[in-house]
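These notes are about the structure you will find just below.
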Amino acid sequence: MPIPLLFSFLFLSLSLLSNATILTLSQQFKEAPQFYNSPDCPSITNANTNTNSNNKNNNNNVICYDEAVHVAMTLDTQYIRGSMAAILSVLQHTSCPENNIFHFVTTATANASLLRATLSTSFPYLKFQIYPFDDTHVSGLISTSIRSALDCPLNYARSYLPNILPSCVRRVVYLDSDLVLVDDIAKLAATPLGGDDTVLAAPEYCNANFTSYFTLTFWSNPSLSLTFANRKPCYFNTGVMVIDLDRWRAGDYTNKIEEWMELQKRMRIYELGSLPPFLLVFAGNIAPVDHKWNQHGLGGDNFRGLCRNLHPGPVSLLHWSGKGKPWARLDANRPCPLDALWAPYDLLQTPFALDS
């Protein structure tokens, strides 16, 4: 490469890197109120847990508390505004906020120091760890789906939680970043999983057209269509799950999910991101959870993201799954009515507040 052209390339690369850094740092968040345990909460050691951990077998009394409610989420700069709101909602509505331990999974290339500093600034007393997710393996298994956002490798990290989190963490509540809780997460975490072979719990939606989640190629293949024989499969949303990590590890369910993803690369059997492999492995064999714990679909469909109403019944968790995200619609001054329920948890520091 000629020297002038090389310098031009380097200058352009540095400019793009600088702009990306500025974009990453442009979102500043307010400090959230501190929340305290009620008197009847069990005590867990007051250890400093906001550190980065690469040790899967970390048993050094940092996060190995059976009394704690363990919450797992993915974390990246694109959805961090939603993540901050979700964290605030969890802490605000639980009676034992000091007993919540958060496990954040990021890409291996993410600026973990920046993410850690952002979390610590808004939640100085939050117990959390950040884990890098090496997505090189799963990237080769991902097939294109109906919405590009669903093809992000980090979207598949939930399938690897038992391998990423320390082995002493035995049960975890997995939450997407586009939701808020208005009830005590400890109630959800305590969901009984029943028999020894039940790995996860989630709200089921048996009125949904289950066959639509798989292609005609799948249903017309006799060996594949028998996958659900002796099961009564129902749709469930993987954005809210209670997972028994010990049972998952013992059953090697990550490998089972990967086998379906490998088949999908050879013959297209579904169209929708990371959900269908979960349905193939778990549908018809999950512990039930009340629908109030996942009022999902508030982000509309995967194509237009139109406004939707709540499902009938009580509400403990509001989930903006779908294309439309409340923060984006609020910024565009085109909010849906239910976006007003998300707004009180938004910790974004506005320019006006920065200048005051």
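The values are calculated or read from the model by the stated rules, or taken from the named source; none is laboratory data. Keep in mind it's a predicted model, so treat the numbers as computed, not measured. Positions of Cβ are generated from backbone atoms using ideal geometry, with glycine treated the same way; all protein chains shown enter the neighbour counts. Ligands, DNA and RNA are excluded from the accessible area calculation, which covers all protein heavy atoms including side chains. Shrake-Rupley method; radii C 1.70, N 1.55, O 1.52, S 1.80 Å.
Under 13 Å of direct C-alpha separation, and excluding same-chain neighbours fewer than eight residues apart, Lys325 reaches these aspartates and glutamates: Asp176, Asp178, Asp301, Asp339, Asp346. What the Cβ-Cβ distance of Gln34 and Thr198 gives, at R0 = 35 Å and to the nearest 0.05, is a FRET efficiency of 0.45. Amide hydrogen proximity for Leu317: with H placed 1.01 Å from N in the peptide plane, the residues at 5 or more positions away or on another chain lying under 5 Å are Val182, Asn294, Gln295. The charge dipole of segment 98-206, taken about the Cα centre with unit charges on the Cβ atoms of Lys, Arg (+1) and Asp, Glu (-1), comes to about 280 debye, rounded to the nearest 20. Electrostatic bookkeeping for Asn294 treats Lys and Arg as +1 and Asp and Glu as -1; over the other residues with beta carbon under 11 Å from its beta carbon, the sum is -2. In whole Å, how far is the Cα centre of segment 302-347 from that of segment 166-189? After rounding, the separation between the Cα centres reads 20 Å.
Each Lys and Arg Cβ is given +1 and each Asp and Glu Cβ -1; about its Cα centre, segment 149-246 then shows a dipole of about 180 debye.
One Cα centroid belongs to segment 216-235, the other to segment 109-128; the line between them spans 43 Å. Label-to-label distance, Leu226 versus Asp252, with points set 7 angstrom from Cα along the beta-carbon direction: 2.2 nm. Each residue, Ala117 and Ser212, gets one label point 7 Å from its Cα in the Cβ direction; the gap between the two is 4.6 nm. Applying the criteria of a DSSP loop state and at most 14 other Cβ atoms within 10 Å to the trypsin sites (Lys or Arg not before Pro) of segment 171-259 yields Arg231. Accessible surface ranking for Val169, Val69, Val182, 1.4 angstrom probe, highest first: Val182, Val69, Val169.
Protein heavy-atom surface of segment 208-256, 1.4 angstrom probe: 54% of the accessible area is carbon and sulfur, with nucleic acids and ligands not counted.
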